[in-house]
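Colleague: Sharing a structure here in structure tokens format.
The values are calculated or read from the model by the stated rules, or taken from the named source; none is laboratory data. What you are looking at is a predicted structure, and each value in this text was computed from that prediction instead of being measured. Note: ideal-geometry Cβ built from the backbone for every residue, glycine included; neighbour counts use all protein chains shown.
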Amino acid sequence: MSNEDGPVKATQVKLVLLGEAAVGKSSLVMRFCSNDFNENTSPTIGAAFLTQKCRLENRIVKFEIWDTAGQERFHSLAPMYYRNAAAAVVVYDITKASSLEKAKAWVKELQRQANPNIVIALVGNKLDLVSDESGASVAPKSKPAAEEPANEAEESETDAEDDATPPPPATTAAAGDDSSDSLRQVSKEEADEYAKEAKLLFFEASAKTGANVSELFTEIAKNIPDETPTKPAAAQGQAGRRNGARQGADSGVDLGERQQGKKGGCC
Amino acid sequence: MSLPMHLRNYKEKSKDEQTRDFFNVPVWDAVPSPNEEPVTTKPRGVKDGSSSGGLQGMDINAVLSVEGKEEVYAGRLSLLPPFLCFISLDRRSCRCTLPLYTIRRVERLNSRAGVFALSLATWHGMRIILQLTSLLPTAEHFSILLRDALKSQLTSMKSLKPFLPSLYSEYLLTTSSSSAQQQNPDHLLLGTELGEKSGTAAGNDGEGDLRGPGGDGKGSYQRGLGETFGFPGDARKMRERSKMKLWKEYFMIHGRNFTLLRYPPFQRLLQVGLPSRLRGELWEVMSGSIYLRFANPQTYSLLLSNNKGKSSQSTDEIEKDLNRSLPEYKAYQTEEGLARLRRVLVAYSFRNPELGYCQALNIVVAGLLIYMSEDQAFWLLEVLCDRILPGYYSPSMEGTLLDQRVFEALVQRCLPMIKDHFASVDVQLSVASLPWFLSLYINSMPLIFAFRIVDCVLAMGVKVLFQIGLAVLKINGEALLEVTDDGMFISLMRDYFSTIGDSAHPNHPDPRVRAITNFQELLVVAFREFNIITDDTIQAERRRLRAIISDEIEKFSKRAAVRNLKKVGSFDKDEIGSIYDYYFTAVCSPDGGPANGGSGSSSPKFGDQFDQPRLQVDAQGRVETRIDLKTFRVFLSEIATWAREETVTTNAFIQRTERRLADHELIDRLFYSWDTQAQGTLSLQDVVIGLDRVMHAGLMESIEWFFNLHDKDKDGFLTKDEVIQLSESLLFVFRNEPGDIYLAAVSKFILNAYEFGDANSPHPISSPDGVPRGDQESASHVRERSDSTSGPHNLPYLNLATFRMVVLADELLEGFFGHDLAASFQLDKTVDEDYHQAHQKPEGILGGLMNLVVTNENKSRLNRLADGFGAALGKHAEWRKPSLAKTLPSSSSQLSELGTRESLLTPAQQEQRRNRSVSAASQASARSTSSSVGTPESRSLADVEAKYREEQDLVRQAQEAVMHRPNFAIDAIGDSDGEEEEEEGEGGRGADDAVMDEVEAFLKAHGDDDGGLKGEQKKQAEDLLKAEPMGGGVSANNKPGRPSGEGGLIDL
């Protein structure tokens, strides 16, 4: 990591990770930061604090990451961490339908309580647990940790509120065709639909394989307005964000063709 | 959704509880008598601390000295059965908490006249002399209480012997054959050469190697993981050996474990860090958790065996965190270490299901288990969660939030520059300080130092956390003023803690100064500069800030709860907010408790039911509060006018409204119809959906849901019985409406229902003759008739369409279903305000007086009194507030029109009515009603005036009476005794004070550092050591009740 890139000063970005317990928030951060951070992170009490730089074409973004505790009772402490945050990563587990509900609640809360210009990314983690689809370069490393598949199928059905009927092959319900795929409880389409609606960046990622992790943070970095100190007028910022969000959402849809700014990749 | 009811029901601790806390004495409930069945789930709802199993406690001034020790301390002796506690006047030099079951023998000493002295022989052979410096009768009273308390502990004493081998100190002292080389422990801080000396001497001690593994198989004491996997830190560097030696010496003179006295050297030994092997035991002794372990020998293993194989949300969460709990310590890389950690956390989550498991407990317990056995750690965990860090780990974490706020306030007070700077750059202290408090610094700094802080916290209480925190900030003050954001702050703190073992003055020429580490400096700053932070400071700040925190938590959980509702129907945000408020008010109300419905305060009641369905975990892992039928009644009574009985009483002085819950099947029906999942409880969401359906229903929907409410089998037909039930429901709603129009309407309804029901019946058998019945017949007649003619009553009979028709045929019922029913549910607070006004701040002549008398009991008494006056004056009136309030006329003159249907108000009038204060309306009708009770209106003026005077006199008398006796409720019984005693006590106290003054003057004159006594009094104490016990029966004649022969001697 060269940070002596002449006059280019790193933009500091406060980023907060939110999501239900055990969806893999800490693992995502570890994956993103592990290159220059010691492995031995402390367990999350309230929130763990880490930093990582991310290079774009024209600038460096320095993420100050607050990895919050997922346990429900720490919820009331979360405002302390998302206060003033420029970005938020809301994580759910694609093999657990209820975690998306929780993620939606977080998004709602952020949109109401946090900084109005906050860039929110919705991330479905544990992509490695479901078999490959949609061209993501994830090795089909299925770890069958299924516990109650029957129930889960049911749950996911009730939870799918969006009436965007997902195209049959890629989705969840049919537990028949592919054994590993049956672990998936949240279809990509469903989450994507929601992300578009709520104007969020959207990714499915795997902290385990690293798929989409750096892309995620790069995309967030791109969506952060350039100069740190400027606090643009709310309307302007709002618009900027919306654009960003739209773009992000689009990129989420056709994940197949990879991100443009990939060369700027972090780490 | 968290649990705001804790916060609402919070009660400040009583003085007695505070004293118990100070001495680490458990509340009586936590100490079951040995024959009791062991209770594994935590007893909840602390009883009055004073009810110490029927044994009385008492405080007395005393002077304490110990055989073999020079110092003598004046202080306060407290008998808190089953403990005897002492604290020196300066509150730090000398202190002890002696369980009475460790006292073998108590004797009154034969000494100079006027000195009342007791000699206590403890289990460990220590002899403690206590001079009771109060007046003789007081001292004698104390010794009687002490004797009674001692007697009650005989059974516990038997368990002491088998318990003691679990303690390392016993092993340490029994194995050491070598006699104590009398080293003066005060030399401790210069201990380098001492360490070397004892290093050679300790060779024959049996536990020579204190560094690594060892000691297995030797002794049966309970041990932590450290005995197997090695304790953190370098034993040689930490001078374990010399510390151990000093402790051993300390134990010989000052007692050990249960009988440990804290003398000044204790504090010094503590602050240099406890030796690893002794640490676990001293932790439980200092925190008092040892008393719980002693009193509940089976609980831990029972908890594990009873809950074997069970899983819960807590156990899942524990599982996830096991591998992140001090992973750097070797034991937690092994299955054994993890298994211990798992067992303790799981056992506690079942012990205290309400708390369950909170992240950070894994760190704390992982720390404890290095030095303690599972059983020891388990009880210490209980003491931590209950007493030392109250509310830190609870589901709403209110204690944590509160103490963070307290910490900020203290920083503001002590280090205003830092606080101001942080405010200007918008950095919150809590981002760094939260984990300090939650994990007792175990997670923040290297373990060996963190545990030394834990030592101090367990010995001196939570204030240490604040003192250390402040010292950290102070030491880093300059750098902190450069901080511009959270990230810098965190990094700075992290850097500081990672170098805390380094020299604080690395470049100093003097090697001794260079040897001072950052950590030592931290302790010095914490305990020297911030010793102004006392327990009282923290209590006061907590008291000040608690309301704010509770309010914030409530708002937060309300916001979250409201946000998390999936459906809100047609309610707006404010209405949802009101529903939430009513919902939780009901949960918190004393009547809202679960079914045990007895007396007692509210808190223990709902505690009992915590593991019942009232709290559930929803799909997203949130703890959800649900209400049962009983609580629902309370809730509904707040919202629906007909679900409560309101009695409005006016007498000459005040008007008041009394509310009671109404009880009718209709309410139950509503409950079960809203309980769509048939869980037997309702969530906030259920209630919102239910209310939405009821309150936003139009005429047709109202008719429909009311129909469905009574259609039990949901077949679309009401049976005849159900028709009757439905009518009864209507009558219930109308029960307090004035006039008989409603009754008439309902009778008509029944008639029509039967008539049309028969006509449309799908089961023609029900009406064989098919003859329509006459209108004139009364409802009861119809019932009889149909009884005899229509066959079984449980056959489908009336369908919705017919029901609708019948309802619409009646103007009154149409109006009722059209809007009155929906309008009888009121979310607006105006009603509530009226209620409060009438209830809490009654005005009028007696109103002010009323406010003086706060308790409900007194209030009702006073109310009765006032009613009495009112009745005497002929001004007493009582009536039930109508539920629909619609027929309340704007003036009493309209009362006469009630007989006609025309009295129905138009919607516009309805609006008017709503706006009009309800109390005004009721007053109007009060006037009318009371006139019927018979106030003679035609009295002459003079008459009235005379009456008024009389009235005022009475009021004045009443007022005086109340003012004279503020403790209005405590009456007659035992009162006179009390007074006498008080007098006696006062005399005693006067004398005591004099004695104490003398002692204080003495102390001042001698400028004693440690608060010990010197000179004559000390000599006196020394004399006492040699004094012979008094012969039997010396004081027997004083107290006739006492069996002679025993005298002042309590011989166990």
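Colleague: Considering only region A:52-74, how many residues are at the interface with another protein chain (Cβ under 8 Å from one of its Cβ atoms) and of a type in the set (S, T, N, Q)?
Modeller: Looking only at that region, the number is 1.
Colleague: Taking the condition of being away from chain A (no Cβ under 11 Å) and not hydroxyl-bearing (Ser, Thr, Tyr), how many residues in region B:563-572 meet it?
Modeller: Final tally of qualifying residues: 5.
A quick yes/no check of all residues on (1) in a helix (DSSP H, G or I); (2) more than 23 Å from B:Lys310 (Cβ to Cβ); (3) outside the structural domain of B:Gly273 (by TED's automatic domain parsing); (4) free of Cβ contacts under 8 Å to residues at least 40 places away in the same chain:
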position	(1), (2), (3), (4)
B:Val344	yes, no, yes, yes
B:Phe350	yes, no, yes, no
B:Trp379	yes, no, yes, no
B:Val383	yes, yes, yes, no
B:Arg413	yes, yes, yes, yes
B:His421	yes, yes, yes, no
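Colleague: Show me the helices (runs of 4 or more DSSP H) found entirely inside region B:268-336 where at least 3 residues are more than 14 Å from chain A (Cβ to nearest Cβ).
Modeller: Passing ranges, in order: B:276-287, B:289-295, B:299-306.
Colleague: Can I ask one more? If you scan region B:485-516, which residues turn out to be of a type outside the set (Ser, Thr, Tyr) and within 14 Å of another protein chain (Cβ to nearest Cβ)?
Modeller: Scanning region B:485-516 gives B:Asp485, B:Asp486, B:Gly487, B:Met488, B:Phe489, B:Ile490, B:Leu492, B:Met493, B:Arg494, B:Asp495, B:Phe497.
Colleague: If B:Val687 meets every condition in (1) buried (at least 22 other Cβ atoms within 10 Å of the Cβ); (2) not in a helix (DSSP H, G or I) apart from one, which number is that one?
Modeller: Unmet condition: (2).
Colleague: Tally the residues that are surrounded by fewer than 23 Cβ atoms within 10 Å (Cβ to Cβ) and either hydrophobic (A, V, I, L, M, F, W, C) or at the interface with chain B (Cβ under 7 Å from one of its Cβ atoms) (or both), restricting the search to region A:86-105.
Modeller: Within region A:86-105, residues that are surrounded by fewer than 23 Cβ atoms within 10 Å (Cβ to Cβ) and either hydrophobic (A, V, I, L, M, F, W, C) or at the interface with chain B (Cβ under 7 Å from one of its Cβ atoms) (or both) number 3.
Colleague: Of everything in region B:385-400 that's surrounded by fewer than 24 Cβ atoms within 10 Å (Cβ to Cβ) and farther than 22 Å from B:Thr19 by Cβ, which residue is modelled with the lowest pLDDT?
Modeller: So the residue we want is B:Pro395.
Colleague: Return the only residue of B:Gly469, B:Gly461, B:Gly501 being under 24 Å from A:Ile45 (Cα atoms) and either at pLDDT below 90 or touching a strand residue (DSSP E or B) at 6+ places or on another chain (Cβ under 6 Å) (or both).
Modeller: Residue meeting the stated conditions: B:Gly501.
Colleague: I've got another one for you. Can you name every residue in region B:217-239 that is outside any loop (DSSP other than H, G, I, E, B) and within 17 Å of B:Ala450 (Cα to Cα)?
Modeller: B:Gly226, the sole residue that qualifies.
Colleague: Now a separate question. If I ask for residues that are more than 18 Å from B:Arg494 (Cα to Cα) and under 32 Å from the mean Cα position of the chain (by Cα), which ones from region B:420-465 would you list?
Modeller: Within region B:420-465, B:Arg452, B:Val454, B:Asp455, B:Cys456, B:Val457, B:Leu458, B:Ala459, B:Met460, B:Gly461, B:Val462, B:Lys463, B:Val464 qualify.
Colleague: Now for a different question. Look through region B:385-396, keep the residues that are within 12 Å of chain A (Cβ to nearest Cβ) and without any contact (Cβ under 8 Å) to a residue 60 or more places away in the chain, and return whichever of them is nearest to A:Arg73 (Cα to Cα).
Modeller: The residue in question is B:Tyr393.
Colleague: Restricting attention to region B:406-426, which residues are hydrophobic (A, V, I, L, M, F, W, C), within 14 Å of chain A (Cβ to nearest Cβ) and farther than 12 Å from B:Val483 by Cα?
Modeller: Hit for region B:406-426 is B:Phe407, nothing else.
Colleague: Out of B:Leu458, B:Leu470, B:Leu429, B:Leu481, report the one residue that is in contact (Cβ under 8 Å) with a residue 24 or more places away in the chain, farther than 30 Å from B:Leu282 by Cα and away from chain A (no Cβ under 14 Å).
Modeller: Being in contact (Cβ under 8 Å) with a residue 24 or more places away in the chain, farther than 30 Å from B:Leu282 by Cα and away from chain A (no Cβ under 14 Å) holds for just one of B:Leu458, B:Leu470, B:Leu429, B:Leu481, which is B:Leu481.
Colleague: Here is a list: B:Leu89, B:Leu98, B:Leu84, B:Leu79. Which entry is buried (at least 24 other Cβ atoms within 10 Å of the Cβ) and modelled with pLDDT of 90 or more?
Modeller: Going through B:Leu89, B:Leu98, B:Leu84, B:Leu79 in turn, just one is buried (at least 24 other Cβ atoms within 10 Å of the Cβ) and modelled with pLDDT of 90 or more: B:Leu84.
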